[in-house]
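Comments concern the structure below.
Please treat every number below as a calculation from the coordinates, not as lab data. For clarity, every value in this text was computed on a predicted model and none was experimentally measured. Every residue, glycine among them, receives a Cβ derived from its backbone with ideal geometry; neighbour counts consider all protein chains shown.
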Amino acid sequence: MISALISIELKIALGVIGLLLLVGIVFLLVFFFKKTSQTKKPLLVETEAIIGLIGRDNIVSVEQVQSRVRIEVKDLKRVKLEELKEYTNGIFTSKNRLVVTFKTNTEEIVKDLRGIL
C-alpha cells in the first residue's frame with residue numbers, strides 16, 4: 001500500500017516537473033522567435049525626407065519633450081530649414097539646436113531619428 005502511494009506521488013511529481021519543463025521550453029521558443037523575427041522596419045517616407053533635410057551625419061542627439069523634439073546638430077547651416085518647415089508646425093533654432101513640432105508621427109520620427117545615431 002505504501003509503495004503504491006509512493007509510486008503515485010512520484011508519478012505526480014514527475015508529471016509536474018515535465019509540465020514545468022514543457023512550459024519553459026515553450027517560453028524560450030517564443031522569446032527566440034520573437035527576437036529573430038524582429039526585422040528592422042523601413043523608415044517612414046517623411047522620416048527619410050527629414051533626415052535628408054537635416055543631414056544624417058549632422059544629427060548629434062534627439063530628445064522628445066511632450067510634442068516638441070529637440071535635435072542637436074553639428075552645423076545648423078547645413079539644415080535646410082525652409083524645406084523642413086513643410087513637415088512641421090514650427091521650428092525654433094538656437095545655436096546648434098532645433099526645437100521642432102512635427103505635424104504627424106512625432107513618436108515614430110523620434111524613434112527613427114534615434115535609431116540612426
When region 71-98 is checked residue by residue, the ones that are closer than 21 Å to Leu44 by Cβ and in a strand (DSSP E or B) are Ile71, Val73, Thr88, Asn89, Gly90, Ile91, Leu98
Considering only region 99-108, how many residues are outside any strand (DSSP E or B) and out of contact with any Leu (no Cβ under 7 Å at 6 or more places or on another chain)?
-> 4
Taking the residues in region 72-90 that are under 25 Å from the mean Cα position of the chain (by Cα) and among the charged types (D, E, K, R) as candidates, determine which candidate is surrounded by the most Cβ atoms within 10 Å (Cβ to Cβ).
-> Glu72
Within region 83-107, the residues that are acidic (Asp, Glu) and out of contact with any helix residue (DSSP H, G or I) (no Cβ under 7 Å at 6 or more places or on another chain) are Glu86, Glu107
How many residues does region 59-77 contain that are within 19 Å of Ile116 (Cβ to Cβ) and either hydroxyl-bearing (Ser, Thr, Tyr) or free of Cβ contacts under 8 Å to residues at least 24 places away in the same chain (or both)?
-> 5
Hey, any hits in region 99-114 for a residue that's farther than 20 Å from Leu44 by Cα and either surrounded by 14 or more Cβ atoms within 10 Å (Cβ to Cβ) or over 18 Å from the mean Cα position of the chain (by Cα) (or both)?
-> yes
Being crowded, with 16+ Cβ neighbours inside 10 Å, β-branched (Val, Ile, Thr), at negative phi and part of a helix (DSSP H, G or I), is that true of even one residue in region 53-66?
-> yes
